[in-house]
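> Sharing a structure, written as structure tokens. Questions coming.
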Amino acid sequence: MQTNLIIGLLALNLTACASFTSHREPNQETKVTLKDGKGGVKEAPAQATSTGGEKEMTRVEVGSDAEAQAHATEVKEAVAAAAQHIQDTHGKAPREAGPVPAEKAFGWLKNGNTRFVRGTFRNDGASAADRRRVSALQRPHSAIYTCSDSRVSPEIVFDQKLGEIYVVRTGELILDKNVQESLEYSVGTLGTNLVVIMGSDSCGDLTAAEGLANELLERSAILRDAVTSGDVKIVKAVYHLEAGNVEFR
């Protein structure tokens, strides 16, 4: 019985070896199939074949040239925007708002114009002590942009004194680079919280202030950010020469 068992095991082993040899002959070439991104299958070229069993390779499908170019354009635009943001903000300290809130400054201007119309003016704000006080630092509570006219003087019209308002004037109300940078300096550096764009009935600027306020916000990131924060307000006004009153709009 033991002999028969040994003979049976040897026969089984020889059969397994023969079966393995028939499936694994030396130098047998194996077909390699390539599958594209849509699931299509085709046989690979001869140089892609190898030994050792069937293999499957998946080809990565690359997008069209137009898609690649569009992607590259988006990347360039994103990088350019980031670079511009860094350039605009690098080395610049956050804006420090002045001590006078916009609403309070607005009230001071309206009260000052009322005094001007009535002919009663302040007696303070122009002494030697006031000159010394503002000589080292200016912190105007309001910036006034108006036309250059000898009859339109914001310091008198609003009855304001040394260091209290920052005045920008041009022959006509236009928003050029100098005007924009002057107002940005007042708000961004000096801490002014109220900007008044004031036309007059003497130089055809009755309606010019309406569009200038919006244009200023579109052009200036400094003023736009300051207004968005809620610290700064921009108001429009018209000065009437004969009556002397300022009409806020």
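The values are calculated or read from the model by the stated rules, or taken from the named source; none is laboratory data. From a predicted model like this one, the values you see are computed outputs, not experimental measurements. No Cβ is skipped: glycine too gets one built from the backbone with ideal geometry, and neighbour counts run over all protein chains shown. Note: areas computed on protein heavy atoms with side chains; ligands, DNA, RNA excluded. Shrake-Rupley method; radii C 1.70, N 1.55, O 1.52, S 1.80 Å.
> Residue check: is Glu103 over 21 Å from Glu215 (Cβ atoms), under 31 Å from the mean Cα position of the chain (by Cα) and at pLDDT below 95?
Working: over 21 Å from Glu215 (Cβ atoms): yes; under 31 Å from the mean Cα position of the chain (by Cα): yes; at pLDDT below 95: no.
Judged against the criteria, Glu103 is not a match.
> Would you tally the residues in the range 182-214 being modelled with pLDDT of 95 or more and acidic (Asp, Glu)?
Residues meeting the conditions: 1.
> I need the full set of residues from the range 135-170 which are part of a loop (DSSP other than H, G, I, E, B) and closer than 20 Å to His240 by Cβ, in order please.
Ser148, Asp149, Ser150, Arg151, Val152, Ser153, Phe158, Asp159, Gln160
> Okay, next question. Residues in the range 160-181: is at least one among the acidic types (Asp, Glu), at pLDDT 95 or above and open to solvent by less than 40 Å² (accessible area, probe 1.4 Å)?
Yes, the conditions are met somewhere in the range 160-181.
> Here is a follow-up. Being assigned to a helix (DSSP H, G or I) and of a type outside the set (A, V, I, L, M) is the filter; apply it to the range 213-230 and report the residue that is surrounded by the most Cβ atoms within 10 Å (Cβ to Cβ).
So the residue we want is Asp225.
> May I ask you to list the residues in the range 186-196 that are farther than 21 Å from Ser153 by Cα and either more than 22 Å from the chain's Cα centre (by Cα) or without any contact (Cβ under 8 Å) to a residue 12 or more places away in the chain (or both)?
Once the filter is applied, which keeps residues that are farther than 21 Å from Ser153 by Cα and either more than 22 Å from the chain's Cα centre (by Cα) or without any contact (Cβ under 8 Å) to a residue 12 or more places away in the chain (or both), the range 186-196 yields Thr189, Leu190.
> Further, regarding this structure: Any idea which of (1) of a type in the set (D, E, K, R); (2) at pLDDT 95 or above; (3) in contact with a Cys (Cβ under 7 Å, 6 or more places away or on another chain) is the one Asp149 doesn't satisfy?
(2)
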